[in-house]
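The values are calculated or read from the model by the stated rules, or taken from the named source; none is laboratory data. Remember, predicted model here, so these are calculated numbers, not experimental data. Note: ideal-geometry Cβ built from the backbone for every residue, glycine included; neighbour counts use all protein chains shown.
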Amino acid sequence: MQTGYFELIISCIFVNNILLAQFLGNCPFLGTSKKMETAVGMAMAVVFVLVLSGAITWVVYTFILVPFDLVYLRTISFILVIAALVQFVEMFLKKSIPALYAGLGIFLPLITTNCAVLGVCVLNIDKGMDFLHSLVASVAYALGYGLALILFAGLRERILLARVPKPLQDTSIGLITAGMIALAFFAFQGMV
Amino acid sequence: MPKTLVQEFTKGLWEEIPPFRLVLGLCPTLGVTTSMENGLGMGLATTFVLVFSNILISMLRNIIPSKVRIACFIIVIATFVTVVELLMQAYTYALFLRLGVFIPLIVVNCILLGRAEAFACKNTMAYSIADGLGIGIGYTLALGALGAIREVLGKGSLTVWGDMSYGVASVFPSFHPFGFLVQAPGAFICLGLMLCILNAIGKK
């Protein structure tokens, strides 16, 4: 049974937000959210790679792994696809769109180990989505990731100006802030 | 001064305990610690992968060309993750279902790549095993502790393994579970507070 596209988009962006409800991609979330600029760069890079890898891994899984009965190689083949894709995208952007490449900078290679990317690919397969659904889901998840990251970076820039007790500084207050945003997103629960 | 094997092992338990001192591997930390059993299971699976990938990488460290080392590390790690995935599916199926997507995601747990890059590719096998065991057990303890806190306060019970379960209400009849803590936002806040407590103890 497949859900409608609108429902799927709302569900992936808000209700099952990849960062705040499914806890994927948290390391770069805390690492790159200290400045708005880096957060925007990371969000763009994630959108870019997630959508591409979501589509490609679906094709690899359905047309290569399943017919040849190699499903147990899923983890290895997906991570290879993602790593190769990131490398390829990096080379492509460097040649053809240098401005975007400079904008994404260091975040592009880091995406290989962003678990949001592999996580979404695996989730799409686990839920048995067809190609269009998994593409839409990838786009929506990526947008949700970007939304949460940019919201969080905005809050964190403000926190830098505040006086935080010493043991709470840095990651600790970051996690608690993330908890507060997750609480806000929690209100979407039950919408879909 | 070169460290002894014991020192390499014990540093993972306190000095560099992930995810508190080394802020890596946060996703499973937040995602699976709704109960102590899940936390320990995830920690043990990660330890297994960490020890074996450390062994293999330290054995191959003179063969792997440094330019493609990250790709090689990822393939080694992914191999052991697949092993663990199949083993868990065969022997601990209930846990396998509960951990779900987080088992394949051990591949992208930054602790593994971090240890491979920072330690295993520079040290001999014995040291790499000690390092992997130390960091892995530290991670398991941290996940177990976080899971236990969230389970006791959030659900009002503690499942040790399988059906062995203890209710808090039998000890403190007036206790009401604080359901918020087993939900998503509670994970972030609970981990944040634990980090704060550890910082307060550790840094004088």
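Numbers for the structure displayed
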read-out: Some residue of the stretch A:148-162 being under 18 Å from A:ALA21 (Cβ atoms) and assigned to a loop (DSSP other than H, G, I, E, B); value: no
read-out: One residue from A:LEU123, A:LEU183 being touching a Pro at 6+ places or on another chain (Cβ under 8 Å), assigned to a helix (DSSP H, G or I), within 13 Å of chain B (Cβ to nearest Cβ) and not basic (Lys, Arg); value: A:LEU183
read-out: Flag if A:LEU73 is modelled with pLDDT of 85 or more and surrounded by 13 or more Cβ atoms within 10 Å (Cβ to Cβ); value: yes
read-out: Hits in the stretch B:173-186 (condition: hydrophobic (A, V, I, L, M, F, W, C) and in contact with a Lys or Arg (Cβ under 7 Å, 6 or more places away or on another chain)); value: B:LEU181, B:VAL182
read-out: Qualifying residue in the stretch B:60-69 (condition: in a loop (DSSP other than H, G, I, E, B) and within 14 Å of chain A (Cβ to nearest Cβ)); value: no
read-out: Residues located in the stretch B:1-45, provided they are away from chain A (no Cβ under 14 Å), over 11 Å from the mean Cα position of the chain (by Cα) and not in a loop (DSSP other than H, G, I, E, B); value: B:LEU5, B:VAL6, B:GLN7, B:GLU8, B:PHE9, B:THR10, B:LYS11, B:MET36, B:GLU37
read-out: Filter result for B:ILE63 (touching a residue at least 12 places away in the same chain (Cβ under 8 Å) and farther than 17 Å from A:TYR72 by Cα); value: no
read-out: Some residue of the stretch B:78-90 being surrounded by 21 or more Cβ atoms within 10 Å (Cβ to Cβ), under 25 Å from A:LEU70 (Cβ atoms), more than 16 Å from the chain's Cα centre (by Cα) and not polar (S, T, N, Q); value: yes
